[in-house]
Ligand code: FES
Ligand code: FES
């Protein structure tokens, strides 16, 4: 123990090489099975201090984590952040398990060269699923580093502690060795167990035990977002800002009638635009120019003769009748107990209602954009995309280009907003098709009408509900059934070109999957049945009303129906809406959330609405609604003002009680909830895709209005319920789910008028009020 | 039909030979190579393309490049401020952690900077009214309103 008398450095600060060689440790970069780095990847690798890189395998610890020679930790995240701070949460989890400073952790995401496919952004599972492999990998990395340090320091591992990446002996901090000294810049030759799944379900596990929650110091703190400075100072490259040498600009030319085919293209119509080319594959038509403005002009000017197909759509006024009468392609009862028909027969009273919800558009802030470059004489390619699932986009582009997956490098660059399956993958597909045809790097961007009229839509639906009450007003039967277009009419990822608009126009035929959901709640009604039916789309290929995932796929419409219906049943039973829910909710977390929202909002018990139909002026009301979503529980009290002369609704205040398990970052969580509440209000009050028999007529912000500052709430009061012993669950969508119902219930309280069709637009409300 | 056009952008002079009807947006993005403004709608409906022309918030997607003369001073988000020398509005947006996707932020920052220059003491209602017409699809309006108020205090 003479080491005590000597300077610590001399004893313990050994050169990295010596450390590694001396112990026959986990790595030597010379032994690393490297592959050749493309130039772009090499630049990124150099920036991250990665000298060499093994093949990207989930089973390699090194796939998940890297510690550079300067101590910087890089976490490779195969999911995505779309502006809600998921990457910060990942950094927190990694810093926590590894015992390093958060500032030293960088998260790389959305790059198919550096990250495995954890499913991209999907179903608000960024933290819920996405953090688990990273957490386990970080814990495993700490374990092997501490074990290694134990050999160097000559002390058992359980007598060692780690602070900011320095391993030292408990009680003698002069005996220490840093992560950097042990591994900095080198490769972890350590295997982890992989469950074999790709996408959302991917999990890897090491031998290490993860840190007990009680020891957390980084998780739970409000660290700031990484992406904000670049966005407010304008230094972030968005996908629209990607420029590569020799790149040309492409715009699609869309048919005036959905489903029309090209009869003739008169290229002389654009001959004044020098150097502009027309490319075509069946009914996929695009113009290509060196200058973006020329491409835009050519898109306007190009004379295309299109066929005149039978109008593909019903009259929009008849949409819900169309749905009601359509033959179902699939049906399913998802949840049920008891015997509903018999119980209804024996009921003293039966309450029935039907609700309707329109098609809605992602209407992202800008129409989608992508850049595709074919390299090495057609052997490899790169796609820059704003899609929230860049790995799947890469797969789709590889199929179009006839390349192996690994030959295509997918790079995510922030796009103009993403709330599910929007038009991003269509832009990438179109860019790849044109790049293949002309052999140059192609930047494809939509125009505004494509962002609104041609993106995959949130599906339209009807929802029917029945409840039986006994003589005392107890619910003895409950039946709920939805019927609408599938949420997977085109897949929620873009890996199959036939699911993407340009290749559909180009002739590939998509296959729909039939899927719908039921409300997620814990009402313990005896004799309960919840199910759905889906109907086929109007037509298959190049359909602007094709439906897919839009933030909280089906949540807003399902709860718009089911949670309004709970209020209708409560009214029939002459019970306050919150009291009614508390009586039937079974899950203790749901009950806690409901109680929290009642308390925080200062809810005043009422069994009847305060307002009455008729009269003028502005009236106010409050409504409640609740939902579960993948483990997260949300209850909302909405306070609205209704201007009875204009029908305009102002959602003045929301109180939101939110339980998403253990909280990783309270500030980013709060902001995520706020965004959901505002976007949800917009969808509840304003948004409806309009169409005529030929085409979608919602083509811009005038024909598809959304909420603006004048209609934004005055207050959003968020109550975060932290559950340290529950795993973290998603927050990206849950609070949007019960929102429309909370508003509709508040409108009922204010006016005594029940609005069973969304959105609660001024015209519709005015119409309802005048009939009341 | 092209014309020689000279623009003064962020204090620098740029000359280009372009279609005079081309919107200023494309001159700034494609000819000069700036990341901001952004294309959101091309229809003067969203504000993503806002720049300052002689201090006035101007939607560059609906302004023909020929309407701008060489003596007009065009300022883009890049020219408004930097992380080292931020404009108060940028600082306030950073402090309030505003932006989800961030694609709209150019429009909000440029428009509110011009508004606050005229009146740093705007009330909540004036802020909401002054920013009407701008879009944020992600729904970050609450943060935006907080940030503009904060910037007003910094500027007032
Ligand atoms: S892009 Fe100019 S206002 Fe929308
Ligand atoms: S932050 Fe996405 S549109 Fe405003």
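Annotations for the structure displayed:
- Filter pass, residue B:31 being assigned by TED's automatic domain parsing to the domain that holds residue B:132 and either more than 16 Å from ligand 1 (Cβ to nearest atom) or free of Cβ contacts under 8 Å to residues at least 12 places away in the same chain (or both): no
- Subset of the range A:239-281 (residues that are more than 20 Å from residue A:437 (Cβ to Cβ) and part of a strand (DSSP E or B)): A:263
- The sole residue among A:710, A:723 that is farther than 28 Å from residue A:446 by Cα, part of a loop (DSSP other than H, G, I, E, B) and assigned by TED's automatic domain parsing to the domain that holds residue A:624 is A:723.
- Counting only residues that are over 10 Å from the mean Cα position of the chain (by Cα), within 13 Å of chain A (Cβ to nearest Cβ) and buried (at least 23 other Cβ atoms within 10 Å of the Cβ), the range B:54-76 holds 2 of them.
- Any hit, the range A:316-331, residues being within 16 Å of ligand 1 (Cβ to nearest atom) and either assigned to a loop (DSSP other than H, G, I, E, B) or more than 30 Å from residue A:446 (Cβ to Cβ) (or both): no
- Number of positions in the range A:344-365 that are within 30 Å of residue A:701 (Cβ to Cβ) and either surrounded by fewer than 23 Cβ atoms within 10 Å (Cβ to Cβ) or in contact with a strand residue (DSSP E or B) (Cβ under 9 Å, 6 or more places away or on another chain) (or both): 8
- Single unsatisfied condition, residue A:260 versus (1) farther than 20 Å from residue A:454 by Cβ; (2) crowded, with 17+ Cβ neighbours inside 10 Å: (1)
Conditions (1) assigned to a strand (DSSP E or B); (2) more than 12 Å from chain B (Cβ to nearest Cβ); (3) within 16 Å of ligand 2 (Cβ to nearest atom); (4) within 17 Å of the chain's Cα centre (by Cα), marked per residue:
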{"site": "A:416", "(1), (2), (3), (4)": "no, no, yes, yes"}
{"site": "A:432", "(1), (2), (3), (4)": "no, yes, no, no"}
{"site": "A:435", "(1), (2), (3), (4)": "no, yes, no, no"}
{"site": "A:452", "(1), (2), (3), (4)": "no, no, yes, no"}
{"site": "A:463", "(1), (2), (3), (4)": "yes, yes, no, no"}
{"site": "A:468", "(1), (2), (3), (4)": "yes, yes, no, no"}
{"site": "A:472", "(1), (2), (3), (4)": "no, yes, no, no"}
{"site": "A:479", "(1), (2), (3), (4)": "yes, yes, no, no"}
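- When residues of the range A:401-414 are limited to those that are away from ligand 2 (no atom under 16 Å from the Cβ) and either without any contact (Cβ under 8 Å) to a residue 40 or more places away in the chain or in a loop (DSSP other than H, G, I, E, B) (or both), the one nearest to residue A:287 (Cα to Cα): A:401
- Matching helices (runs of 4 or more DSSP H) fully within the range B:75-125 where at least 1 residues are more than 16 Å from ligand 1 (Cβ to nearest atom) and touching a strand residue (DSSP E or B) at 6+ places or on another chain (Cβ under 9 Å): B:77-80, B:105-118
- A single member of A:579, A:563 is part of a helix (DSSP H, G or I) and surrounded by fewer than 21 Cβ atoms within 10 Å (Cβ to Cβ), and it is A:579.
- Single condition residue A:552 does not satisfy, out of (1) at pLDDT 95 or above; (2) in contact with a strand residue (DSSP E or B) (Cβ under 8 Å, 6 or more places away or on another chain); (3) in a loop (DSSP other than H, G, I, E, B): (1)
- Some residue of the range B:134-154 being without any contact (Cβ under 8 Å) to a residue 60 or more places away in the chain and in contact with a strand residue (DSSP E or B) (Cβ under 9 Å, 6 or more places away or on another chain): yes
Residues checked against (1) closer than 13 Å to residue A:232 by Cα; (2) more than 15 Å from the chain's Cα centre (by Cα); (3) within 9 Å of chain A (Cβ to nearest Cβ); (4) within 11 Å of ligand 2 (Cβ to nearest atom):
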position	(1), (2), (3), (4)
B:94	yes, yes, yes, no
B:110	yes, no, no, no
B:118	no, yes, no, no
B:126	no, yes, no, no
B:135	no, no, yes, yes
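- Scanning the range A:195-216 turns up no residue that is in contact (Cβ under 8 Å) with a residue 60 or more places away in the chain, within 14 Å of another protein chain (Cβ to nearest Cβ) and not in a strand (DSSP E or B).
- Tally of residues being assigned to a helix (DSSP H, G or I) and either within 16 Å of ligand 1 (Cβ to nearest atom) or facing chain A (nearest Cβ under 9 Å) (or both) across the range B:137-146: 5
- Which numbered condition residue B:151 misses (of (1) more than 30 Å from residue B:3 (Cα to Cα); (2) within 16 Å of ligand 2 (Cβ to nearest atom)): (2)
- Enumeration of residues in the range A:184-222 that are surrounded by 18 or more Cβ atoms within 10 Å (Cβ to Cβ), closer than 12 Å to residue A:135 by Cα and in contact with a strand residue (DSSP E or B) (Cβ under 9 Å, 6 or more places away or on another chain): A:204, A:206
- Subset of the range A:223-242 [surrounded by fewer than 15 Cβ atoms within 10 Å (Cβ to Cβ) and either without any contact (Cβ under 8 Å) to a residue 40 or more places away in the chain or over 25 Å from the mean Cα position of the chain (by Cα) (or both)]: A:235
- Positions within the range A:147-186 being in a helix (DSSP H, G or I) and under 20 Å from residue A:74 (Cβ atoms), in sequence order: A:148, A:179, A:180, A:181, A:182, A:183
- Pick from the range B:54-71, criterion closer than 27 Å to residue A:706 by Cα and assigned to a helix (DSSP H, G or I), ranking: nearest to ligand 2 (Cβ to nearest atom): B:61
The values are calculated or read from the model by the stated rules, or taken from the named source; none is laboratory data. Treat the numbers as computed from the prediction; the structure is a model and nothing was measured. A quick note on method: Cβ atoms are made from the backbone with ideal geometry, for glycine too, and the neighbour counts reach across all protein chains shown.
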